[in-house]
Amino acid sequence: MSGAGYVDLDDVLSSIRQAVNIAQTEEDLRLRVSGVIEQKVLKPLGITQVGKYEYTLVSGVKVDALYGHVLIEYKAPGKLSSKADVSKAKEQLVNYIVQEAGVEDRFRYFLGIVLGDRIAFLRYDPRASGDRWVLRGPYEINRETVIKLVEALRGLQRKRLDVDSLVRDFGPQSDAARKLVKLLYERLKASKSGRVRALFDDWLRLFSQTTGYSQAKLKELKEIVEDYGLPKQVDYNALLFSLHTYYGLVMKLLAAEIAYLYGGGKWLRSYVGELENAYMSGGVDGLREVLRELEEGGVFSRLLNIVNFVEGDYFSWYLDVLDRDLGDAVAEVARRLGDYEPATPHLEPETTRDLLKRLYQSLIPRDVRHKLGEFYTPDWLAELLLNEMGLTVDRFEEMGSENPLMPLELRVLDPACGSGTFLILYLKRLREYAENHYLTDQLVSYVLANVVGYDLNPLAVLAARTNYLLS
C-alpha cells in the first residue's frame with residue numbers, strides 16, 4: 001500500500017528506535033533520526049525539509065495550516081532522564097523557536113519537539129496562565145508518540161480543526177452545504193423507493209415524539225430556502241430531513257478520518273483518500289460501496305472495535321438515490337474535510353471543545369431550534385457548572401494524592417447530553433490530569449466505563465459520539 005500520502009508507522013517506529021539504540025552522541029542521533037524523518041515521513045507526505053545544523057526545521061506553505069513550522073531538537077540518549085535535563089531541553093527549544101519566529105505573534109505557529117531516547121512536544125499557548133510554553137512529556141518512543149510526531153508534520157499541510165473553520169467551510173453560506181442540501185432535497189422528493197420513504201417516515205415519527213415537532217414550527221426555515229436555491233413552496237419536513245442528513249454525513253466522514261488515523265494499523269492513511277480513490281476508479285457504484293460500509297458502521301467496528309457507532313441510522317437513505325451529481329457533491333464535502341487535521345484535539349488538547357454544536361446551530365435557525373426544544377449549553381456555562389460540581393484538575397489532584405487512579409474511577413452521567421458539551425469539557429480536564437500523572441495509557445478503558453451520556457435525538461447522539469471520539 002506504499003505510495004503518496006501513506007506513512008508506514010511500524011517502519012518509522014522501528015527505524016527511530018534503532019537509531020536511538022545505535023547513536024552515541026547528539027550529533028549522531030540527529031543525523032540518523034533526521035534521515036528517517038526525511039525519507040520515511042516527509043517524502044511520502046510530499047513535504048520539503050529545511051535543515052539547520054543544530055536542529056531540524058520543517059515548514060509548510062499553507063497560510064491556514066495547523067502549524068507553519070515544526071522544529072525538532074535532538075538530545076543524546078540519556079539526556080532526558082531528569083527534570084533538570086528536561087527543563088534545560090525545553091529552555092533551549094524555546095530559544096530556537098523565539099529565534100526563528102522573531103516576534104511573539106508568530107510563536108503559536110510553531111510546534112517544538114525534543115527527541116532523544118524519549119520524546120516531548122512543546123507549544124506556545126497564549127491563553128495559559130503563568131508559563132505559556134506548554135511542554136507535554138517526555139514520553140516513551142512508542143506507536144502512539146510516533147503517530148503524534150507524524151500528525152504534527154502532517155499538520156503543516158492541513159487546516160486546524162476548529163469551530164470557525166468548520167462553519168465557514170460547511171455552514172449554510174458554504175458552497176458545499178448549498179449544493180449538497182439542495183440535491184438531497186430534490187432526490188428525496190423525487191424518490192419512489194420504499195426504503196427511502198420508510199426511513200423518512202420513521203425519522204419524522206421519532207423526531208416528532210422527542211421534540212414536539214410539527215411543520216407549523218418550521219416557518220422560520222423560510223429564511224434559508226433561498227440560500228439553498230429551493231422553490232418557495234418547499235416541503236419543510238423534507239428540507240429538515242435533508243439538513244439533518246447533510247449534518248450527519250459531515251459528522252460520519254469526520255469520525256471515519258479519526259478511525260483511519262488511530263485504527264489504520266501499519267499505515268497512516270485517510271478515509272477521504274480511500275473514498276476519492278473508490279470514486280475515481282469505480283464511479284458511483286464504487287463510491288456507494290465505500291459509503292455503505294461507513295453508514296453500516298463497518299469502518300468503526302473494523303478499525304476501532306466500536307460496534308454501535310452508527311446504529312439504526314435514518315440518514316443513510318441517500319445511498320439509494322446516489323447518482324453522478326449527488327456523488328460529486330458528497331465527494332466535494334469529503335475533499336474539504338480532508339483538508340483538516342483530525343488530530344488537532346490530540347496535538348492541542350487545551351483547545352478541545354464541542355466542535356459540532358456551532359455547525360448545527362448555523363445550519364438550523366435559532367428560532368426553529370428553540371421551538372423544537374433544542375437549547376445548547378454554552379461552553380462557559382458548562383465550565384462553570386463543572387467547577388461548581390468540583391470536577392476540576394485541582395480537585396482531581398487532591399483525590400489522587402493517595403490513589404492516582406481515583407479521579408479516573410469517578411462515574412459521570414449526562415442523561416440529556418445533546419451533542420456532548422459537558423462530557424467533552426469534562427474529558428478535557430480528566431485527560432489533563434492523566435497526562436500530568438502518566439496515566440494516558442489507562443485513560444481510555446476508564447473513560448469508556450465511567451463517562452456516559454444518552455439522548456433521545458439520534459442526531460444529537462451521533463454528534464456526541466463523534467465529539468467523544470475526537471476527545
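Per-residue 3J(HN,Hα) values for segment 450-458, derived from phi via the Karplus relation 6.51 cos²θ - 1.76 cosθ + 1.60 with θ = phi - 60°, read 10, 10, 10, x, 8, 7, 7, 7, x Hz in sequence order (x marks Gly and Pro).
In this calculation the C-beta distance from R132 to E388 is compared with R0 = 25 Å, giving a FRET efficiency of 0.35.
Between Q24 and K232, take the C-beta separation as r, use R0 = 60 Å, and let me know the FRET efficiency to the nearest 0.05. Result of the calculation: an efficiency of 0.20.
Quick one: if the Förster radius is 45 Å, what FRET efficiency do S193 and A449 give, using the C-beta to C-beta distance and rounding to 0.05?
Working: r = 41 Å, r/R0 = 0.91.
It comes out at approximately 0.65.
Rounded, prolate or oblate for segment 7-155? Axes are the square roots of the Cα gyration tensor eigenvalues, ordered a ≥ b ≥ c, and the cut-off for rounded is a/c under 1.5.
On the way: a/c = 1.65, a/b = 1.17, b/c = 1.41.
In terms of gyration-tensor shape, oblate.
Between amide H atoms placed 1.01 Å from N, distances below 5 Å from S191 occur with no residue 5 or more places distant or on a separate chain. Taking the charge dipole of segment 102-250 about its Cα centre, with +1 at Lys and Arg Cβ atoms and -1 at Asp and Glu Cβ atoms, the residue from S191, L115, L240 reaching farthest to the positive side is S191. Taken one residue at a time, the phi angles of segment 295-308 give Karplus couplings (6.51, -1.76, 1.60, θ = phi - 60°) of 5, 8, x, x, 4, 7, 6, 6, 9, 10, 6, 9, 8, 10 Hz. Gly and Pro are set to x. Residues in segment 143-160 carry Karplus couplings, in order, of 4, 5, 6, 5, 4, 5, 4, 5, 4, 4, 5, 5, x, 6, 9, 10, 6, 5 Hz; the curve used is 6.51 cos²θ - 1.76 cosθ + 1.60 with θ = phi - 60°, and Gly or Pro positions show x. Each label was represented as a point 7 Å from its Cα along the Cα-to-Cβ direction; for D328 and E223 these points are 3.2 nm apart. Listed cross-link partners K88/K159; K189/K222; K43/K179 are compared with a 27 Å cut-off, the Cα-Cα value being larger for K88/K159; K43/K179.
Rounded to two decimals, what is the ratio between the C-alpha radius of gyration of segment 219-335 and 2.2 N^0.38 Å?
Values: Rg = 15.7 Å, N = 117, 2.2 N^0.38 = 13.4 Å.
It is 1.17.
Along the axis of the charge dipole computed for segment 85-203 (Cβ charges of +1 for Lys and Arg, -1 for Asp and Glu, origin at the Cα centre), the listed residues F200, W133, Q92 are led at the positive end by F200.
A short reminder: the numbers here are calculations on the coordinates, not readings from a lab. Since the model is a prediction, treat every value here as computed from it, not as a measurement. Reconstructed Cβ throughout: ideal geometry from the backbone, glycine too, with neighbour counts over all protein chains shown.
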